[in-house]
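Below: one structure, written as structure tokens.
Any read-out appearing in this document is the output of simple, stated calculations on the displayed coordinates, not a laboratory observation. Fair warning: this is a prediction, and the values are worked out from it, not measured in the lab. Note that each Cβ is placed from the backbone with ideal geometry, even for glycine, and that neighbours are counted across all protein chains shown.
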Amino acid sequence: MATLEPRSTRPAEPAAWSPPLPEAPGFDHLVVETPGLRTHVAVVGEGEPVVLLHGFPQHWWQWRAVAPAVAAAGYRAICPDLRGAGWTVADDPRIERETRLRDLLALLDALDVERAHVVSHDMGVITAIQLTYFHPERVRTAVQLSVWPAFFRFDLRLVPAFQHLPPLVWHRPGASLRGIFSDRYVARPLPDATIEAHLAPMRRPEVDAAVRPLVRRTVLAEAVRMMRGVYRRRRLTVPTLVVFGRRDHPTTEELMGRICRDPERYADHLELAYVDDAAHFVTDDAPDAVAALALDWFARAA
């Protein structure tokens, strides 16, 4: 896709990054330069593009088991580090509600990706939602992990799902984020090495400093729009699969039926799916199930 803006893409060896990239066999690593941003992208496979948008406080390595399974089925899995995360470097540290959306559109153009399947988790879902609602022509199908559809109706039983946010709103530089991977959010304890790999980029001051603006200006700003019904006044035309771990409390099937009733009123094609023995960090708890659900959705809904 042609663009008038300067751009470049170059390969980069894993050893060139600081701190070192976590190990994940089979990935190629690129630096994609767009105005004001140098995005680290991990890529595996060849074929129709699938863009995987990580959650918080994670980065491309979140997809270390999912992306190779997607690639083995004949797709090109593209895993960028979004602004304020991983090894991506921004000239301007400011992050607003749609900053990552603009970054993603520039990245797709730089990689000559006209349309892609989009898989997203947690905070990455916000960018995916913005893309699917406001640029649906760029998305073939969407798989949304661990976040309610944007047209949901607020219910007081959802309040416990927000209990992790206050410490992030007031995040102090250098404060540990290990507690996010507590047994409330994972179905089984993660090895220390896995947690350290997820949190490694937090040693970069610009990533640590991005926590507050990401939570305040992106997550909370978009959450308010959702609860005010902004997305209930729009229609979701991209086929979307919403996936939850069955242990991702308080999001039970019964509650989802209440907060997302009559989905056909707001979406052309939306389905819900649940993964046994998985919680919020479903890609760590059950990566094979996530990959299988995504591949099935690509085949059925595209």
Summed side-chain charge close to ALA187 - residues other than ALA187 whose Cβ falls under 15 Å, Lys, Arg +1, Asp, Glu -1: -3
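In terms of the Cα gyration tensor, with a ≥ b ≥ c the square roots of its eigenvalues, is segment 63-203 rounded because a/c is under 1.5, prolate because a/b exceeds b/c, or oblate?
On the way: a/c = 1.39, a/b = 1.30, b/c = 1.07.
Rounded.
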Taking the alpha-carbon centre of each part, the distance from segment 85-133 to segment 193-235 in Å is 12 Å
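How much net charge surrounds HIS249 when only other residues with a Cβ under 13 Å from its Cβ are counted (Lys, Arg +1; Asp, Glu -1)? Spell out each step's value before the answer.
Values: positive: ARG157, ARG184, ARG246, ARG247; negative: ASP183, ASP248, GLU253, GLU254.
Cβ neighbours under 13 Å give a net charge of 0.
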By the Kirkwood definition, with r running over pairs of different Cα atoms, segment 52-142 has a hydrodynamic radius in Å of 13.5 Å
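May I ask you to derive the FRET efficiency for ARG172 and ARG115 from their Cβ-Cβ distance with R0 = 35 Å, giving the value to the nearest 0.05? Please list the in-between numbers first.
On the way: r = 41 Å, r/R0 = 1.19.
With R0 = 35 Å, the Cβ-Cβ based efficiency is 0.25.
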Gain in length, ALA221 to THR9, computed as 0.36 nm per residue apart minus the alpha-carbon separation, to one decimal in nm? 73.1 nm
Can you pull the one-decimal nm distance between simple spin-label points at GLU271 and GLN163, each 7 Å off the Cα toward Cβ? 3.3 nm
I need the P(r) histogram for segment 3-110: all alpha carbon pairs, bin width 5 Å from 0 out to the longest distance, whole percents. 2, 12, 24, 25, 21, 11, 4, 0
Here the convex hull volume per residue of segment 8-301, taken over Cα atoms and given in Å³, is 116 Å³
Rounded FRET efficiency, nearest 0.05, which uses the C-beta distance separating SER182 from ASP262 and R0 of 41 Å: 0.75
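Per DSSP H run of n ≥ 4, the term is -39500 (n - 2.57); total these for the chain, divide by its residue number, and report the mean residue ellipticity at 222 nm rounded to 500 deg cm²/dmol. Intermediate results must be reported in sequence, preceding the final value.
On the way: 10 runs with 82 residues, N = 302.
Mean residue ellipticity, 222 nm, calculated: -7500 deg cm²/dmol.
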